[in-house]
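Following: one structure in structure tokens, then a few remarks.
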Amino acid sequence: MADTKRKVRIFDTTLRDGEQSPGCSMNVAEKIEVAKRLELLNVDIIEAGYPASSPGDLESVKTIAGIIKQSSVAGLCRALEKDIDSAREALKNAVSPRVHIFLATSPIHMEHKLRMTPEQVFERAVSAVKYAKNFCSDVEFSAEDAFRSDPDFVCKVFSAVIAAGASTVNFPDTVGYAMPREFGERVRYIMSHTDGMEKAVFSVHCHNDLGLAAANSLAAIEAGAGQAECTINGIGERAGNASLEEIVMALRVRKDYFDADTRIDSAQIYPASRLVSQVTGVKVQPNKAIVGENAFAHEAGIHQHGVLANPATYEIMTPESVGISKKELVLGKHSGKHALNERLTELGFKLEGRELDDVFARFKALADNKKTVSDRDIEALVIGTAGAVPEKWKLDRWVINAGSSVSATSAIRLEAEDGGMREAVHFGNGCIDAAFNAINKLIGKEVSLEMFELGAITGDADAQGEAMVKISYGDRLWNGRGVSTNIIESAIKAYVSAINSMEAEARPPQAT
Ligand code: KIV
Ligand code: ZN
């Protein structure tokens, strides 16, 4: 039967609102990897960053804009010509560029943050949209803190920006204050009192301060909104944004209730969630809807019995529908490239050429050290490979001497970019401290460790260790991740990878 549901656009802001939240920063290579995955998910619009915020952000939006073909790519700007010029530069290679302009309309923001009168805000919004329209046909205007704004003022601003050419008007609940019924009613009011609404898409952007971001977005969709802004795993400022997976799966599972659906390929949801969690180092809470570790786990005997008899007793959607594969198929050292590629495809990865060769080589090396290679191991081999940051430093070898009555000492040898070997020796309060101190000595920088987590990828005795670190230098933070069958080596690799991200940003931008 033909799908007659109206299509709600999914505007993903993982790389902008998500990335700007504390501890969620990503390097350019990681952003590219996430952007490609969002394209596979079939999101309509990828907000790739805020180009005027730094030369690095401009460059990464530009790179993503040049790679992504199937989704629109948006760049955020304040309602300022210089910001819009940066977005123009960043989006010049995009197949389908979108300029996203925001300006606050609530009394508290206008008075205390902008120090502008409502008349000035109105004028500025209109002139910014007109300015952007000179070079981009797809312009979105967001009234920041719209939910706490005077609804009639929002209607006046929206009517004028639509007349000036805005093709989407966005109504954010910037501080996550709204209640679902009230939010839906407000959306209905604004949509029916805005002139020219039939010429533009009405969008919502909800924050999760009271845990209602997805509920408010769904109430808005019910009221007629045509676009929802959201992030993978709900990452974002403070308590986060509405989570993409919750909005998409609520529309899909309750298609009997909603008149709307999205174009999202839901089987890509879980791989996208894992990727974002891996590259940001921010774990997904186990009971998180759709993508949490326990989302499809059944602990109580009576539930297990029911699910075995008929999964629908306790499952309202199948794990497979969100890309969680239940038929765990283990590979080993005799598995060939074809078998690996088939498994990769089932896990939602599309690799070809050198990328596939590289992953296959690392798969073989792993299979030599580990009896069976599980889905999680394969995922760990792939994440972080697509266009990784240049490796200024590569771990060559390490030795650590530690015991209960001696302080730990480590000797670390790193290979520099020019092929030369550098070695340093240091002591420390335990193996990890000794290793990280030696690396700091070797690179000549007092990098601080802000977060360190060690885990195992699978539950077996020969499992690979996975380490996540966050380091700081000056006022910036970088993430690093390392995987190895030796847990200490995974920590050292994670530290070196964070340092490589830091060093990559210190380089002058490459001419494009
Ligand atoms: O929360 C917000 O209001 C925003 C805008 C820039 C859309 O992120
Ligand atoms: Zn936001």
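Of note:
- Residues (touching a residue at least 12 places away in the same chain (Cβ under 8 Å), among the small types (Gly, Ala, Ser) and within 26 Å of Ala164 (Cβ to Cβ)) located in the range 192-227: Gly196, Ala200, Ser203, Ala220, Ala223, Gly224, Ala225, Gly226
- Qualifying residue in the range 323-338 (condition: in contact with a Phe, Trp or Tyr (Cβ under 7 Å, 6 or more places away or on another chain), open to solvent by less than 70 Å² (accessible area, probe 1.4 Å) and within 29 Å of Ala289 (Cα to Cα)): yes
- Residues in the range 200-237 that are among the β-branched types (Val, Ile, Thr), part of a strand (DSSP E or B) and over 14 Å from Arg6 (Cβ atoms): Val204, Thr231.
- Residue match in the range 258-265 (condition: within 16 Å of ligand 1 (Cβ to nearest atom) and open to solvent by less than 10 Å² (accessible area, probe 1.4 Å)): no
- Pairs with Cβ under 6 Å, 6+ apart, first in the range 171-191 and closer than 19 Å to Val157 by Cβ and surrounded by fewer than 19 Cβ atoms within 10 Å (Cβ to Cβ), second among the small types (Gly, Ala, Ser) and modelled with pLDDT of 95 or more: Arg188/Ala223
- Restricted to the range 21-60, and to residues there that are out of contact with any helix residue (DSSP H, G or I) (no Cβ under 8 Å at 6 or more places or on another chain) and closer than 19 Å to Cys206 by Cβ, the residue that is farthest from ligand 2 (Cβ to nearest atom) is Asp44.
- Selection from the range 410-444 of residues that are touching a Leu at 6+ places or on another chain (Cβ under 8 Å), hydrophobic (A, V, I, L, M, F, W, C) and assigned to a strand (DSSP E or B): Ile412, Leu414, Met421, Ala424
- Enumeration of residues in the range 402-421 that are more than 15 Å from Ile492 (Cα to Cα) and either aliphatic (A, V, I, L, M) or open to solvent by 80 Å² or more (accessible area, probe 1.4 Å) (or both): Ala402, Ser404, Ser405, Val406, Ala416, Glu417, Asp418, Met421
- Qualifying residue in the range 92-100 (condition: in contact (Cβ under 8 Å) with a residue 40 or more places away in the chain and open to solvent by 30 Å² or more (accessible area, probe 1.4 Å)): yes
- Scanning the range 38-61 for residues that are in a helix (DSSP H, G or I), in contact (Cβ under 8 Å) with a residue 40 or more places away in the chain and surrounded by fewer than 24 Cβ atoms within 10 Å (Cβ to Cβ) returns Leu40, Pro55, Gly56, Glu59.
- With respect to the conditions (1) open to solvent by 20 Å² or more (accessible area, probe 1.4 Å); (2) closer than 24 Å to Asn27 by Cβ, Gly430 lacks only one, and its number is (2).
- Qualifying residue in the range 355-364 (condition: in a helix (DSSP H, G or I), touching a strand residue (DSSP E or B) at 6+ places or on another chain (Cβ under 8 Å) and farther than 30 Å from Val253 by Cβ): yes
- Unique match (being modelled with pLDDT of 85 or more, assigned by TED's automatic domain parsing to the domain that holds Asn479 and charged (D, E, K, R)) among Glu423, Glu352: Glu423
- Residue in the range 130-156 that is nearest to ligand 1 (Cβ to nearest atom), counting only those that are surrounded by 24 or more Cβ atoms within 10 Å (Cβ to Cβ) and over 19 Å from Gly75 (Cβ atoms): Ala146
- If the condition is being under 16 Å from Thr168 (Cα atoms) and surrounded by fewer than 24 Cβ atoms within 10 Å (Cβ to Cβ), then the range 115-126 contributes only Val126.
- When Ala494 is tested against (1) out of contact with any helix residue (DSSP H, G or I) (no Cβ under 8 Å at 6 or more places or on another chain); (2) surrounded by fewer than 20 Cβ atoms within 10 Å (Cβ to Cβ), only condition (2) is not met.
- Unmet criterion (only one of (1) under 28 Å from Ala94 (Cβ atoms); (2) within 13 Å of ligand 1 (Cβ to nearest atom); (3) polar (S, T, N, Q)) for Ser127: (2)
- Within the range 226-281, the set of residues being among the β-branched types (Val, Ile, Thr), within 16 Å of ligand 2 (Cβ to nearest atom) and closer than 22 Å to Asn27 by Cα comprises Thr231, Ile232, Ile235.
The values are calculated or read from the model by the stated rules, or taken from the named source; none is laboratory data. Quick caveat: nothing in here was measured; it's all calculated off a predicted structure. Ideal geometry is used to build each Cβ from the backbone, glycine not excepted, and the neighbour counts take in all protein chains shown. Remember, those area values only see protein heavy atoms, side chains included, never the ligands or the DNA or RNA. Shrake-Rupley method; radii C 1.70, N 1.55, O 1.52, S 1.80 Å.
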